[in-house]
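Right, one structure below, let's go through it.
The values are calculated or read from the model by the stated rules, or taken from the named source; none is laboratory data. Since the model is a prediction, treat every value here as computed from it, not as a measurement. Note that each Cβ is placed from the backbone with ideal geometry, even for glycine, and that neighbours are counted across all protein chains shown. For the accessible areas, the whole protein counts, side chains as well, though only heavy atoms, and no ligand, DNA or RNA atoms are used. Shrake-Rupley method; radii C 1.70, N 1.55, O 1.52, S 1.80 Å.
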Amino acid sequence: MRKVGFAGFGKSFLAWNMAGTVEDSVIYADHRAPYRVWNRTVQVCERWGDVETAKPVLVCLDHEESEVAPDIVVYGVVPDPVRIETALRAQRQSTKPVVPVLIGYEETGVPWPFPPEFRPAITVPWDMRQATSPLVGAPLTLR
């Protein structure tokens, strides 16, 4: 079982969408999580014991607890130089792998405007109206 934590911009968006696209995954979320009411397909676990009972391949952590540490962190970043520098700093200082995801940037044919060391694992166009991306399937409100 791999535990994936989320940080930065759109961390709940990334957690719920990743859980919804990976088979045999669950989301570990607080019972008050706003996206929880929109979910129709992802198994939601509110207690860590429920996660251990479900035995998923992947656990997307949308609920932070000191005793439940992620194996890897997905760090959402908007195309802003200050936020990108913050993500790079987090990546350098972390003892765990940090995978940057650039949210809200679309290739326009111009040279890469960001520092050369910033190489996101994926660039996700962002649809503010639906709180999702066409890359990850149907909007959360329709699941």
Practice prompt. Quick one: which residues, 5+ away or cross-chain, put their amide H under 5 Å from the amide H of ASP71? H built at 1.01 Å from N.
Written response: LYS3, VAL4, GLY5
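From Cα pairs below 8 angstrom and at least 6 apart in sequence, can you work out the relative contact order of the stretch 1-121, rounded to a whole percent? Walk me through the numbers on the way to the answer.
On the way: 196 pairs, mean separation 35.9, N = 121.
Across the stretch 1-121, relative contact order equals 30 percent.
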Worksheet item: Each residue of the stretch 68-79 in turn: what ³J(HN,Hα) in whole Hz from Karplus with 6.51, -1.76, 1.60 and θ = phi - 60°, glycine and Pro shown as x?
Response: 10, 9, x, 7, 8, 10, 9, 10, x, 10, 8, x
Item to complete: Using DSSP, restrict attention to beta bridges with both residues in the stretch 2-130 and report what percent are antiparallel, rounded to the nearest 5.
Response: 5
Worksheet, complete the sentence: Under the Karplus relation with 6.51, -1.76 and 1.60 and θ = phi - 60°, whole-Hz ³J(HN,Hα) for the stretch 92-104, x at Gly and Pro, equal 5, 8, 7, 8, 10, x, 10, 9, x, 10, 8, 10, x
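Using a/c under 1.5 as the rounded threshold, could you call the stretch 2-130 rounded, prolate or oblate? The axes a ≥ b ≥ c are square roots of the C-alpha gyration tensor eigenvalues, and prolate needs a/b larger than b/c, oblate otherwise. Write down the numbers at each step before the final one.
Numbers: a/c = 2.38, a/b = 1.62, b/c = 1.46.
Taking the square roots of the gyration eigenvalues as a ≥ b ≥ c, the stretch 2-130 is prolate.
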Discussion item. Output wanted: per-residue J couplings in Hz (rounded whole) for the stretch 54-61, from phi through Karplus 6.51 cos²θ - 1.76 cosθ + 1.60, θ = phi - 60°, x for Gly and Pro.
Written reply: 5, 6, x, 6, 9, 10, 8, 8
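Could you check how much of the accessible area of the stretch 2-130 is carbon and sulfur, as a whole percent, using a 1.4 Å probe?
Roughly 52 percent, rounded to a whole number.
I'd like to compare 69-81, 113-125: which one has the highest average count of other Cβ atoms within 10 Å, and what's the full order after that?
Final packing ranking: 69-81, 113-125.
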